[in-house]
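Since the structure comes first, as structure tokens, the remarks are kept for the end.
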Amino acid sequence: QVQLVESGGGLVQTGGSLRLSCAATGRTFSNYAMGWFRQAPGKEREFVATINWIGSITNYVDSVKGRFTISRDNTKNTVYLQMNSLKPEDTAVYYCAQRSNTWASVRSSDYTYWGQGTQVTVSS
């Protein structure tokens, strides 16, 4: 079965950087679009970034544009989220997710598989 395992979360000060990784197993990684979502305490899960199967198309929520970068390495079956200039409002559990087709999507309902999440905390 498909498994997605996130890593790289932690505690960082405002203005700092983190790189999240999501390693996928269970089916051919390069066939599927990937996404990152986050959920802060007391809030609904929200879209952060998405990337298509080959990495040629990406999309971001407005609040992270210019600060976050999604990328993938299909030889390593891994998707990344480079987060720079972090702000306290970026504090959340970050989840990676995998679609069952090649197209990037901002809708959580379009994703089939989800990881367990990794905590990111940005201190002020």
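The values are calculated or read from the model by the stated rules, or taken from the named source; none is laboratory data. This one's a predicted model, so the numbers in the text were calculated from it and none came from an experiment. Cβ atoms come from the backbone with ideal geometry, glycine included; neighbour counts cover every protein chain shown. Areas reflect the complete protein model, heavy atoms only, side chains present, ligands, DNA and RNA absent. Shrake-Rupley method; radii C 1.70, N 1.55, O 1.52, S 1.80 Å.
Which is the longest run of the chain containing none of the trypsin sites (Lys or Arg not before Pro) found in DSSP loop states (not H, G, I, E, B) with at most 12 other C-beta atoms within 10 Å? Value returned for the longest uninterrupted segment is 1-42. For LYS87, a cut-off of 20 angstrom between C-alpha atoms picks up these lysines, skipping any fewer than 8 places away in its own chain: LYS43, LYS65.
Note on the chain: with neighbouring protein chains present and a 1.4 Å probe, carbon and sulfur make up 47 percent of its accessible heavy-atom surface. Centre-to-centre, using Cα atoms only, region 98-124 and region 70-94 are separated by 10 Å. Rolling a 1.4 angstrom probe over the protein heavy atoms with all chains in place gives the chain an accessible area of 50 Å² per residue.
Prolate is the label for region 76-124, because a/c, from the alpha-carbon gyration tensor with a ≥ b ≥ c as root eigenvalues, is 1.5 or above and a/b exceeds b/c.
Given their separation in residues at 0.36 nm each and the Cα-Cα distance between them, GLN119 and ARG19 gain 34.8 nm when the chain is fully extended. When the alpha carbon gyration tensor of region 25-64 is reduced to an equivalent ellipsoid, its three semi-axes come out at 23, 14, 5 angstrom, largest first.
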